[in-house]
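Have a look at the structure that comes next, please.
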Amino acid sequence: MARVDEQIEDEFSEELELEEPKLYKVMLLNDDYTSMDFVVMVLIEIFHQDAQRANATMFKIHEEGSGLCGVYTYEIAETKIAQVHTLAKEHQFPLRATMEEE
C-alpha cells in the first residue's frame with residue numbers, strides 16, 4: 001500500500017507547467033459613416049475607457065484608420081467584438097472591430 005501512496009504523491013508533487021493564455025488586441029476600424037460620438041460611446045460602454053481616453057482613442061482611429069481598444073484573452077476579445085458589432089447594427093452604423101494576437 002505504501003508504494004501506491006508514494007506513486008500518487010510523486011504524481012502530485014511534479015511541477016505543473018501552466019502557460020499564460022495568449023492575449024489579443026481588439027482594434028476598432030475607421031469608416032466614413034459611423035459618428036465620432038457613437039465610437040466614443042462604444043469605447044466607454046464596451047471597453048470601459050474614461051471620456052478623455054475614449055476621445056483620444058476615437059481621434060486615433062479617425063486619423064490612423066484603426067485604434068487599440070484593449071488587450072484581452074481570446075474569449076473576452078471575441079465577446080467584445082461581438083458586442084461592438086451588435087451595438088453598431090442596432091444603431092445602423094457599419095463600425096467594425098477586429099482582433100490580432102499580441
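The values are calculated or read from the model by the stated rules, or taken from the named source; none is laboratory data. Everything numeric here is computed off the predicted structure, so don't read it as measured data. For neighbour counting, all protein chains shown are included, and Cβ atoms are generated from backbone atoms with ideal geometry for every residue, glycine included.
Which residue pairs have Cβ atoms closer than 7 Å, lie 6 or more positions apart in sequence or on different chains, and pair a first residue in the stretch 18-44 that is touching a residue at least 24 places away in the same chain (Cβ under 8 Å) with a second residue that is of a type in the set (F, W, Y) and part of a strand (DSSP E or B)?
L23/Y72; Y24/Y72; V26/Y72
For the stretch 60-72, how many residues are touching a helix residue (DSSP H, G or I) at 6+ places or on another chain (Cβ under 8 Å) and in a helix (DSSP H, G or I)?
Residues flagged as touching a helix residue (DSSP H, G or I) at 6+ places or on another chain (Cβ under 8 Å) and in a helix (DSSP H, G or I) within the stretch 60-72 amount to 2.
Let me ask another. Hey, could you check the stretch 73-102 for residues that are touching a helix residue (DSSP H, G or I) at 6+ places or on another chain (Cβ under 7 Å) and assigned to a helix (DSSP H, G or I) and say which is surrounded by the most Cβ atoms within 10 Å (Cβ to Cβ)?
V84
Which residue pairs have Cβ atoms under 9 Å apart, sit 6 or more places apart or on different chains, and have a first residue in the stretch 46-60 that is more than 18 Å from A88 (Cα to Cα) and aromatic (F, W, Y) and a second that is outside any helix (DSSP H, G or I) and modelled with pLDDT under 95?
none
If you go through the stretch 16-37, how many residues are part of a helix (DSSP H, G or I) and touching a helix residue (DSSP H, G or I) at 6+ places or on another chain (Cβ under 8 Å)?
Residues that pass the stated criteria total 1.
Does I8 qualify as being among the β-branched types (V, I, T) and modelled with pLDDT of 95 or more?
No.
Among the candidates G65, G70, single out the residue that is at pLDDT 95 or above, under 11 Å from L28 (Cβ atoms) and either surrounded by fewer than 16 Cβ atoms within 10 Å (Cβ to Cβ) or charged (D, E, K, R) (or both).
That would be G65, the only listed residue that is at pLDDT 95 or above, under 11 Å from L28 (Cβ atoms) and either surrounded by fewer than 16 Cβ atoms within 10 Å (Cβ to Cβ) or charged (D, E, K, R) (or both).
Working only within the stretch 28-60, note down all residues that are within 16 Å of the chain's Cα centre (by Cα) and buried (at least 19 other Cβ atoms within 10 Å of the Cβ).
Hits for the stretch 28-60 are L28, V39, V42, L43, I46, F47, Q49, A54, T57.
Here's a check for you: in the stretch 75-102, which residue that is aliphatic (A, V, I, L, M) and within 9 Å of the chain's Cα centre (by Cα) is farthest from L23 (Cα to Cα)?
Step by step, filter the stretch 75-102, then rank; the result is I81.
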